[in-house]
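The values are calculated or read from the model by the stated rules, or taken from the named source; none is laboratory data. Predicted model only: the values in this text are computed from it and were never measured. Ideal geometry is used to build each Cβ from the backbone, glycine not excepted, and the neighbour counts take in all protein chains shown.
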């Protein structure tokens, strides 16, 4: 019998990679997209419009899609923007998770069917880290409205698991990137600029803190861990990470170096891009995911950066040709 999955935020980076993975495994994949999603047009038979800040039609969507698995990837996920839109971020990223969980609980009561739930939690929850590397037992100290909202969603997922016996798991994913990463995120902002600078469409790139260190992996690898969590007999929480950290400065070196440029010649610091409260270092310990899920990252940092630069260099060359 064909398995059915419902993905919130299906039009995002992770949603796209997860859709491809599940489709290859024979799933019928349904998705929820934002009401104002650009470039989507009319939703198809397996796409549904919904706003997690409101959520009134979530139960109806569950009844139409009849999922065996729900992956909650939708969020206002831009950390810097969350300082400007803290209430909206809390509604979508935090309370939105609760709305999905409650809709699933209602659906299970009405149908008697088990739905397995995946919550996209974030390494940003660790924030001002207490220990390094961070694992499933590390204390949270969120440093942004986004991270606070993710902590709320994390504990609601645990609460529904413990209170109602739901198969609900948290994936605490560290930074994961790809050529499909949103253009406002620092990694993609860098690789887009590299491409445009290389072909002469741009001269400078403005960034905030280039000394922040992150554990960067490939989104295509990380969605496999999401799926593996929901295949386990018992639900649980897992850190998903490479265990290696690099600074934004390292990312700049790799990205500009990939096309034979020096980043120092093109990058300027803009204090307006600094966060009110910075997260200086994140490094994940994915031992549990390796042992229990058999998961490990395949794409290394340098390969990831090169993949993104090559993609965005092609975009820049295409843009230059259009300009004549």
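Scanning segment 159-186 for residues that are within 23 Å of residue 72 (Cβ to Cβ) and surrounded by 16 or more Cβ atoms within 10 Å (Cβ to Cβ) yields a total of 18. When the helices (runs of 4 or more DSSP H) confined to segment 210-324 are screened for residues that are farther than 30 Å from residue 145 by Cα, those reaching at least 1 such residues are found at 248-258, 301-323. Taking the conditions (1) under 23 Å from residue 126 (Cα atoms); (2) over 13 Å from the mean Cα position of the chain (by Cα) in turn, residue 222 satisfies each one other than (2). Out of 107, 71, one residue alone is in contact (Cβ under 8 Å) with a residue 40 or more places away in the chain and over 20 Å from residue 163 (Cβ atoms). It is 71.
Does residue 91 count as within 18 Å of the chain's Cα centre (by Cα) and either at negative phi or part of a loop (DSSP other than H, G, I, E, B) (or both)? It is true that residue 91 is within 18 Å of the chain's Cα centre (by Cα) and either at negative phi or part of a loop (DSSP other than H, G, I, E, B) (or both).
When 131, 60 are checked against the criterion of being surrounded by fewer than 21 Cβ atoms within 10 Å (Cβ to Cβ), part of a helix (DSSP H, G or I) and without any contact (Cβ under 8 Å) to a residue 60 or more places away in the chain, a single residue qualifies: 60. Residue 71 fulfils the conditions (1) assigned to a loop (DSSP other than H, G, I, E, B); (2) in contact with a strand residue (DSSP E or B) (Cβ under 6 Å, 6 or more places away or on another chain) except for a single criterion, (1). Being modelled with pLDDT under 95 and closer than 24 Å to residue 22 by Cα is a property that holds for residue 182. Would you confirm, using the coordinates I've provided, whether residue 233 is in contact with a helix residue (DSSP H, G or I) (Cβ under 6 Å, 6 or more places away or on another chain) and exposed (fewer than 15 other Cβ atoms within 10 Å of the Cβ)? Considered against the rule, which asks whether it is in contact with a helix residue (DSSP H, G or I) (Cβ under 6 Å, 6 or more places away or on another chain) and exposed (fewer than 15 other Cβ atoms within 10 Å of the Cβ), residue 233 comes out as no. Between 291, 262, the distinction of being closer than 30 Å to residue 170 by Cβ and free of Cβ contacts under 8 Å to residues at least 12 places away in the same chain belongs to 291 only. Take residue 111 and tell me if it is more than 25 Å from residue 21 (Cβ to Cβ), in contact with a strand residue (DSSP E or B) (Cβ under 9 Å, 6 or more places away or on another chain), in the same structural domain as residue 18 (by TED's automatic domain parsing) and surrounded by fewer than 20 Cβ atoms within 10 Å (Cβ to Cβ). Considered against the rule, which asks whether it is more than 25 Å from residue 21 (Cβ to Cβ), in contact with a strand residue (DSSP E or B) (Cβ under 9 Å, 6 or more places away or on another chain), in the same structural domain as residue 18 (by TED's automatic domain parsing) and surrounded by fewer than 20 Cβ atoms within 10 Å (Cβ to Cβ), residue 111 comes out as no. Is it the case that some residue within segment 214-232 is in contact with a strand residue (DSSP E or B) (Cβ under 9 Å, 6 or more places away or on another chain) and without any contact (Cβ under 8 Å) to a residue 12 or more places away in the chain? Yes, some residue in segment 214-232 is in contact with a strand residue (DSSP E or B) (Cβ under 9 Å, 6 or more places away or on another chain) and without any contact (Cβ under 8 Å) to a residue 12 or more places away in the chain.
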